[in-house]
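> Shown below is the structure under consideration.
The values are calculated or read from the model by the stated rules, or taken from the named source; none is laboratory data. Everything numeric here is computed off the predicted structure, so don't read it as measured data. All Cβ positions, glycine included, derive from the backbone under ideal geometry; neighbour counts span all protein chains shown.
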Amino acid sequence: MADEDDDLILSELPDEELVPQMHDDLYDGLRDEVVEGVEILLERGWTPYRVLTEALVAGMTVVGNDFRDGILFVPEVLLAANAMKAGMGILKPLLAETGAPRMGKMVIGTVKGDIHDIGKNLVSMMMEGAGFEVVDLGINTDVDRYLAALDAEQPDILGMSALLTTTMPYMKVVIDTLAEKGIREDYIVLVGGAPLNEEFGRAIGADAYCRDAAVAVETAKAHVARKHNQAVAG
Ligand code: B1M
């Protein structure tokens, strides 16, 4: 496999072979190859969004499944995640380059105790691409850091991400704190992450659960439009 791969010239592969090859390269944590694949697909006229979803996110799904099944372990997944981030780094400015008018502002962070950031970064990129201003608080975000950012940035939306069943309850801690301080209704609270679902979103008092980055963008647009309409009517 490795010997065969050594002889591969990515730019000579047609799309239908290049994309599965990129999934393999992502799986193997081959950062340079993933970056090269992204550049080739862009040169061939693929939209940044298509490269993101079909070449990177689809590849990461395979990694996730094998991590779940005990076939891959943390060091390998970290390498894959780094390769994915490198590919996303090329796409980020392109996705943001839509020239769309500012739709609103979002503060987002992965909750306390949780260091998964690929999904959050994707959401941030897609939101920026859709014309939102995004303030990314990073990982392991505690309630004080969320509150300070809300105060300083005055966003329309608070976004929270959690990938662990042990960290997702922290979202409720943040929402309850907003309610205690009487500022819950000042923000649209959107939550996401693989272990969440709609029922959980409702139970913790979020405005919406977002299954993926595209849903996050659509949900954010709909809620911001509703908020602006209410402000005009009121
Ligand atoms: Co972790 N990990 N991990 N991991 N990891 C999962 C989540 C896990 C499901 C793997 C498994 O067992 N199958 C499992 C959780 C099990 C559970 O809680 N029930 C798990 C575990 C157990 C762990 C550790 C505890 C492992 C260990 O140390 N023993 C540890 C935890 C560390 C910690 O956080 N304290 C750990 C560590 C790691 C790595 C560091 C190795 C690495 C993270 C690297 C990084 O993020 N920089 C890692 C990875 C990569 C994964 C998997 C394989 C992939 C996650 C990912 O990036 N998915 C993951 C398995 C899986 O999810 N299948 C797993 C791709 C990403 C695009 O999807 O994040 O779901 P996702 O984001 C989506 C949507 O969910 C949504 O939109 C995104 C884009 O479409 N979304 C939002 C997400 N956030 C949103 C916020 C929003 C809106 C939408 O706000 C508005």
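> Could you list, in sequence order, all residues of the range 92-125 that are modelled with pLDDT of 85 or more, away from the ligand (no atom under 14 Å from the Cβ) and buried (at least 16 other Cβ atoms within 10 Å of the Cβ)?
Of everything in the range 92-125, just one residue is modelled with pLDDT of 85 or more, away from the ligand (no atom under 14 Å from the Cβ) and buried (at least 16 other Cβ atoms within 10 Å of the Cβ), namely 94.
> A further question on this structure: Go through the range 207-234 and give me each residue that's surrounded by 16 or more Cβ atoms within 10 Å (Cβ to Cβ), modelled with pLDDT of 90 or more and either of a type in the set (S, T, N, Q) or near the ligand (Cβ under 9 Å from one of its atoms) (or both).
208, 209, 210, 216, 219, 220
> Now, a different point. So residue 127 clears everything in (1) touching a strand residue (DSSP E or B) at 6+ places or on another chain (Cβ under 8 Å); (2) under 30 Å from residue 83 (Cβ atoms); (3) without any contact (Cβ under 8 Å) to a residue 60 or more places away in the chain except one condition, right? Which one?
So the condition that residue 127 fails would be (3).
> State the number of residues belonging to the range 210-224 that are over 20 Å from residue 162 (Cβ atoms) and hydrophobic (A, V, I, L, M, F, W, C).
Matching residues across the range 210-224 total 2.
> Using the structure shown, decide if residue 164 is in the same structural domain as residue 201 (by TED's automatic domain parsing), touching a residue at least 12 places away in the same chain (Cβ under 8 Å), of a type in the set (A, V, I, L, M, F, W, C) and outside any helix (DSSP H, G or I).
The answer is yes for residue 164.
> From the residues in the range 1-29 that are in a helix (DSSP H, G or I) and among the aliphatic types (A, V, I, L, M), which one is modelled with the lowest pLDDT?
Only one residue fits best here, namely 2.
> Somewhere in the range 160-172, is a residue surrounded by fewer than 16 Cβ atoms within 10 Å (Cβ to Cβ), modelled with pLDDT of 95 or more, more than 8 Å from the ligand (Cβ to nearest atom) and closer than 20 Å to residue 225 by Cα?
No.
> Condition (residue is modelled with pLDDT of 95 or more, under 28 Å from residue 227 (Cα atoms) and in a loop (DSSP other than H, G, I, E, B)) applied to the range 126-138: is it met by at least one residue?
Yes; the residues of the range 126-138 include at least one that is modelled with pLDDT of 95 or more, under 28 Å from residue 227 (Cα atoms) and in a loop (DSSP other than H, G, I, E, B).
> Shifting gears a bit: Check the range 194-205 and report whether any residue there is touching an Asp or Glu at 6+ places or on another chain (Cβ under 9 Å), of a type in the set (S, T, N, Q), at pLDDT 95 or above and assigned by TED's automatic domain parsing to the domain that holds residue 114.
No: the range 194-205 contains no residue that is touching an Asp or Glu at 6+ places or on another chain (Cβ under 9 Å), of a type in the set (S, T, N, Q), at pLDDT 95 or above and assigned by TED's automatic domain parsing to the domain that holds residue 114.
> Moving on. For the range 43-91, enumerate the residues that are among the β-branched types (Val, Ile, Thr) and at pLDDT below 90.
53, 57, 61, 62, 63, 74, 77
> With the requirement that a residue be closer than 22 Å to residue 105 by Cβ and within 9 Å of the ligand (Cβ to nearest atom), what does the range 189-205 give you?
189, 190, 191, 192, 193
> Could you list, in sequence order, the residues of the range 211-234 that are more than 12 Å from residue 126 (Cβ to Cβ) and either free of Cβ contacts under 8 Å to residues at least 24 places away in the same chain or not assigned by TED's automatic domain parsing to the domain that holds residue 121 (or both)?
If the condition is that a residue be more than 12 Å from residue 126 (Cβ to Cβ) and either free of Cβ contacts under 8 Å to residues at least 24 places away in the same chain or not assigned by TED's automatic domain parsing to the domain that holds residue 121 (or both), then 211, 222, 225, 226, 228, 229, 230, 231, 232, 233, 234 are the ones that fit.
> Looking at the range 142-161 only, could you name the residues that are touching a Phe, Trp or Tyr at 6+ places or on another chain (Cβ under 9 Å) and not in a loop (DSSP other than H, G, I, E, B)?
143, 150, 157, 158, 160
> Could you tell me which of the residues 75, 48 is under 21 Å from residue 117 (Cα atoms) and loosely packed, with under 15 Cβ neighbours inside 10 Å?
Answer to the selection: 75.
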